[in-house]
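Written below as structure tokens is the structure these notes are about.
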Amino acid sequence: MKIKTKNEALNIVETSYLASLSSLLWAALYYLPVGGALLRLILPLPMIMLQLRRGTKTALEGLLIQFLLLFIIMGPVRGTLFLFPYGILAFWLGWCWLKEKSWRLSLTIGVIIGTLGFFLRLIALSTLVGDNLWVLITRASFGLIEKFIGLFHLPFSPSILIIQLGAILLIIFQEIVYVLTLHVVAYSLFPRFKLTLPEPPRLLNSLVDLNH
């Protein structure tokens, strides 16, 4: 392939570099025993940055390169899991911010993507380890509900349905916190790279101002 313009060269270099960086972050998240929360937070940022700098087509090429790298390095299952939700979420947020969509839209769909991605990863990992990992989540939900009942001295015991609903609500709450934090971090960090994001809604102005 003959490179004819400087812009084409920059597209190739930035796509390769940011896709490799994101792949490295995913491998570190998967294998390192520490730093998981920080790695989860910054994992989508390279692909989002690529889309804001080089456009949607280049971002898709970057995701394809990252998929191929991880497929070769980590295998078909572990290499593909980065798509659910991190790869898809990064593409969605990058598209929303490139098109200057509102935070309400990017947050709402982002939380849905994160929640569905969590369940897909749960199914895949349960298959890999040969055990039902949903049991661990329902135990955590049961523990929290028990503490809540004991704190307020409520005269009932949680049913299986309540425990299951509590587990689902915990997952949704976790994704709301994650996607919102990702918005705030990107809103604070990206202007330093001359990348702009849509303004947050008024309800979140105090949170963004505090972060600044």
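The values are calculated or read from the model by the stated rules, or taken from the named source; none is laboratory data. Everything numeric in this text was worked out from a predicted model, so none of it was measured. For neighbour counting, all protein chains shown are included, and Cβ atoms are generated from backbone atoms with ideal geometry for every residue, glycine included.
None of Leu98, Leu128, Leu93 is under 24 Å from Ser22 (Cβ atoms), more than 19 Å from the chain's Cα centre (by Cα) and touching a residue at least 40 places away in the same chain (Cβ under 8 Å) except Leu128.
Do we have Leu136 as surrounded by fewer than 14 Cβ atoms within 10 Å (Cβ to Cβ) and within 29 Å of Ala90 (Cα to Cα) here? Against the criterion (surrounded by fewer than 14 Cβ atoms within 10 Å (Cβ to Cβ) and within 29 Å of Ala90 (Cα to Cα)), Leu136 qualifies. Residue count for region 1-49 satisfying the condition of being touching a Lys or Arg at 6+ places or on another chain (Cβ under 7 Å) and aromatic (Phe, Trp, Tyr): 1.
Being touching a Ser or Thr at 6+ places or on another chain (Cβ under 9 Å), modelled with pLDDT of 90 or more and among the β-branched types (Val, Ile, Thr) is a property that holds for Ile168. Determine if region 108-127 includes at least one residue that is outside any helix (DSSP H, G or I) and surrounded by fewer than 21 Cβ atoms within 10 Å (Cβ to Cβ). The answer is no, given that none of the residues of region 108-127 is outside any helix (DSSP H, G or I) and surrounded by fewer than 21 Cβ atoms within 10 Å (Cβ to Cβ).
Within region 25-56, the residues that satisfy the criterion of being under 24 Å from Glu8 (Cα atoms), in a helix (DSSP H, G or I) and not hydroxyl-bearing (Ser, Thr, Tyr) are Leu45, Pro46, Met47, Ile48, Met49, Leu50, Gln51, Leu52, Arg53, Arg54. Test Trp103 against the stated conditions and say whether it is closer than 20 Å to Leu197 by Cβ, aromatic (Phe, Trp, Tyr), at pLDDT below 95 and in contact with a helix residue (DSSP H, G or I) (Cβ under 9 Å, 6 or more places away or on another chain). Criteria met by Trp103.
For the residues Val184, Val179, the requirement of being assigned to a helix (DSSP H, G or I), modelled with pLDDT of 95 or more and hydrophobic (A, V, I, L, M, F, W, C) singles out Val179.
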